Amino acid sequence: MADFAPVLKAVVPAAGLGTRFLPATKATPKEMLPIVDKPAIQYVVEEAVAAGLTDVLMITGRSKRSIEDHFDRAYELEDALRAKGDEDRLAAVHESSDLAIMHYVRQGEPRGLGHAVHCARQHVGNEPFAVLLGDDMIDARDQLLTRMIEVRQRHGGSVVALMEVDPDQVSAYGCAAIEATDEEDVVKITDLVEKPSVEEAPSNWIIIGRYVCDPAVFDVLEKTPPGRGGEIQLTDALRTLADMPGDQGGGVYGVKFRGRRYDTGNKLEYLRTVVQFASERPDLAPEFMPWLREFVRQNGGE
């Protein structure tokens with residue numbers, strides 16, 4: 001295995017306006033919408049920590065202070081729970097504040113994912129780092145990020161997570177042209193296209209919200225002009241890196257992911273995610289599942 005610097009830091013862009021969830025997100029960050037009783041953003045931070053990344057930088061924006069508050073101590077609440085002897089809820093409150101070493105920086109204006117990632121430069125420095133998008137949740141049983149870090153350690157460069165989708169879905173994502181390697185789940189990325197039409201798409205393999213980036217991405221992002229939607233796209237920077245030599249931080253690899261992914265970026269998928277998580281909770285499923293079956297039956301389902 002080549003001697004590449006270890007991945008120790010995670011960057012979580014969370015500065016979006018959440019317009020698809022208005023009016024709920026007028027005053028509440030979309031990342032704080034609960035999956036049953038835990039905000040979606042906490043699952044993302046837990047995933048980073050499970051992969052060994054306990055230094056987490058959150059890229060936030062205006063009206064996102066509740067994210068910082070969630071991962072901070074809440075002494076008055078803790079004292080009240082302690083006085084009641086409510087140890088279970090006290091442990092749940094402590095869980096979020098004890099997860100990781102959290103840092104925050106604001107993205108002054110919404111100029112795209114590439115710009116948000118560039119905001120992490122001062123904190124990350126000249127180290128490789130992971131990027132986890134808050135809209136994408138990966139099941140804790142599927143250790144995707146750990147696998148991506150292993151690939152980075154072996155090959156260097158940057159690594160993206162890929163999922164195969166139906167052709168009519170490619171226009172909503174960045175799409176990759178790929179070449180096989182000697183590992184079944186690892187491919188070399190030869191080209192990337194942001195939100196292509198079906199006709200323009202180089203494959204059915206789309207990038208989902210997990211990246212492991214070489215620090216060379218920062219210099220590339222600095223020179224990357226606004227792309228689709230007038231925003232600075234991380235996909236465009238990775239496309240440049242794919243053509244750069246390895247000794248300059250170039251090369252982009254993909255990990256084919258066939259596990260469980262939850263997209264909480266739109267209302268329908270968010271609702272499905274909540275139902276799935278509730279259905280697997282041992283404290284909820286015994287009552288929730290019979291109710292759900294009866295509800296479906298009464299409303300014309302099988």
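The values are calculated or read from the model by the stated rules, or taken from the named source; none is laboratory data. Keep in mind the model is a prediction, meaning the values are calculated, not measured. Note: ideal-geometry Cβ built from the backbone for every residue, glycine included; neighbour counts use all protein chains shown. The protein model used for the area step is the full one, side chains on, heavy atoms only, and it has no ligands, DNA or RNA in it. Shrake-Rupley method; radii C 1.70, N 1.55, O 1.52, S 1.80 Å.
What pairs come out if I take residues in segment 236-252 that are without any contact (Cβ under 8 Å) to a residue 60 or more places away in the chain and pair them with residues that are among the charged types (D, E, K, R) and surrounded by fewer than 18 Cβ atoms within 10 Å (Cβ to Cβ) whose C-beta lies under 8 Å away, six or more apart or interchain?
Pairs found: Arg239/Asp191; Ala242/Asp191.
Which residue, of Gly246, Gly251, Gly259, is more than 18 Å from the chain's Cα centre (by Cα) and open to solvent by 20 Å² or more (accessible area, probe 1.4 Å)?
Just one listed residue meets the conditions, Gly246.
Here are the criteria: (1) open to solvent by 80 Å² or more (accessible area, probe 1.4 Å); (2) within 21 Å of Arg121 (Cβ to Cβ). Tell me which single one Val220 does not satisfy.
(1)
Which residues, taken from segment 82-132, are under 30 Å from Lys195 (Cα atoms) and among the aliphatic types (A, V, I, L, M)?
Val105, Leu113, Ala116, Val117, Ala120, Val124, Ala130, Val131, Leu132
Inside segment 95-143, can you point out the residues that are open to solvent by 40 Å² or more (accessible area, probe 1.4 Å) and part of a helix (DSSP H, G or I)?
The answer is Glu95, Asp98, Leu113, His118, Arg121, Gln122, His123.
Just the residues that are open to solvent by 40 Å² or more (accessible area, probe 1.4 Å) and in contact with a strand residue (DSSP E or B) (Cβ under 6 Å, 6 or more places away or on another chain), please, taken from segment 151-179.
His155, Glu164, Tyr173, Ile178, Glu179
So how many residues does segment 35-59 have that are over 14 Å from the mean Cα position of the chain (by Cα) and of a type in the set (Ser, Thr, Tyr)?
Counting residues in segment 35-59 that are over 14 Å from the mean Cα position of the chain (by Cα) and of a type in the set (Ser, Thr, Tyr) gives 1.
For residues that are in a loop (DSSP other than H, G, I, E, B) and not charged (D, E, K, R), scanning just segment 25-52, find the one that is most open to solvent (accessible area, probe 1.4 Å).
Checked segment 25-52; the qualifying residue most open to solvent (accessible area, probe 1.4 Å) is Ala27.
Any chance you could count how many residues in segment 12-24 are part of a loop (DSSP other than H, G, I, E, B), at pLDDT 90 or above and either in contact with a Phe, Trp or Tyr (Cβ under 7 Å, 6 or more places away or on another chain) or surrounded by 22 or more Cβ atoms within 10 Å (Cβ to Cβ) (or both)?
Qualifying residue count, segment 12-24: 1.
May I ask you to say which residue of Arg210, Arg239 is crowded, with 16+ Cβ neighbours inside 10 Å and part of a helix (DSSP H, G or I)?
The unique qualifying residue is Arg239.
Counting just the residues of segment 180-207 that are part of a loop (DSSP other than H, G, I, E, B) and open to solvent by 60 Å² or more (accessible area, probe 1.4 Å), which one comes out nearest to Met148 (Cα to Cα)?
Among residues in segment 180-207 that are part of a loop (DSSP other than H, G, I, E, B) and open to solvent by 60 Å² or more (accessible area, probe 1.4 Å), the one nearest to Met148 (Cα to Cα) is Glu184.
Just to verify a result, which residue in segment 210-253, among those that are touching a helix residue (DSSP H, G or I) at 6+ places or on another chain (Cβ under 9 Å) and of a type in the set (Gly, Ala, Ser), is nearest to Thr19 (Cα to Cα)?
It comes out as Gly227.
Are there any pairs with C-beta distances below 9 angstrom linking a residue in segment 274-292 that is among the β-branched types (Val, Ile, Thr) to a residue that is part of a helix (DSSP H, G or I), with the two at least 6 apart or on different chains, and if so which?
Listed pairs, sorted by first residue: Val275/Phe288; Val275/Leu292.
Suppose we filter Lys9, Lys84 for residues that are of a type in the set (Lys, Arg) and exposed (fewer than 13 other Cβ atoms within 10 Å of the Cβ); which single one remains?
On the way: Lys9 fails: exposed (fewer than 13 other Cβ atoms within 10 Å of the Cβ).
None of the other options fit; the residue is Lys84.
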